1. Highest first, please rank the peptides 127-140, 90-103 by the mean number of other Cβ atoms sitting within 10 Å of their residues.
2. 7 Å from Cα along Cα→Cβ at both ALA217 and MET88: what's the point-to-point distance in nm?
3. Obtain the nm distance between the two label points defined at ARG36 and SER140 by a simple spin-label model: each point lies 7 Å from its Cα along the Cα-to-C-beta direction.
4. Between region 138-154 and region 51-123, what's the alpha-carbon centroid distance in Å?
5. Can you give the FRET efficiency to the nearest 0.05 for ALA48 and ASP169, using r as the Cβ-Cβ distance and R₀ = 45 Å?
6. For region 52-150, with only Lys/Arg (+1) and Asp/Glu (-1) charged at the beta-carbon, what is the dipole magnitude about the Cα centre, in debye rounded to 20?
7. Please give, to one decimal in nm, the separation of the simple spin-label points placed at GLU66 and LEU80, each 7 Å out from Cα toward the Cβ.
Amino acid sequence: MTDPRQREQPITITPDMLAPGAGGPGGRVDFERGMRHAPPFILFLIAANLGMFAWEIAAGALADRETIIEAGALVRERVLAGEWWRLMSAMFLHGGVDHILGNIVVLYIVGLACEHAFGGARTALVYFASGIAGGLLSMSMGPGPSVGASGAIFGVIAAVIVVLYRWQDRFYVRDKRIGFVLLIWAGWQILTGLASPFIDNFAHLGGLAGGALAALALRPRLLPAGTPA
């Protein structure tokens, strides 16, 4: 029998003893907790890109250089003539099946983290700001034509890297390699782009800069109200 005079000593609860998902070590927010596998805005972007690609095929927009230009590709001469809408339309056009499939796979993967961190509206801001920044740099460095969502996607990647680095003392990330892997992937894509005349590296670099700047100006929605910067 236990001597009733012997009282159990109180146990100190530490963050490591909490149930999974309740929080991270040091009271940091678990970045991956509650991440949705079907982020609405990212799925909308994927559907829009696939829909536009189907239209390209049906309209014969991939037949040659002139048809893709008429479809809305980014061309410096046309933009300077007043067709500013091409900065937006070119983001939803692609040059082939491999081009669009590669883009939507990467967009879905990095979009999960970006929309989870910022929400749909702010992710839209990151995406379109990055795409336009990429288009402007691309247009300033070459006559075009240029198409693809790569600049916007690189911006989403940059935004995720900025969030994970800038708020590293506020977020608990279970896999510490996420930001590093994204950075290495982006660097590799730029290096391979230097070897191919068909890859618009300036759009990638412009998108990276646009996404990073947008992320610096935005506050992640995952942070508790009143969290100091």
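FYI, it's all coordinate maths here, none of it is from the lab. Just so it is clear, the structure is predicted and the values come from calculations on it, not from any experiment. Neighbour counts run over all protein chains shown; Cβ positions are idealised from the backbone, glycine included.
1. 127-140, 90-103
2. For the pair ALA217/MET88, the computed spacing is 1.7 nm.
3. 3.6 nm
4. Here the answer is 10 Å between Cα centres.
5. On the way: r = 37 Å, r/R0 = 0.81.
It comes to 0.75.
6. On the way: 5 positive and 8 negative charges, 58 e Å.
It works out to roughly 280 debye.
7. Result: 2.3 nm between the two label points.
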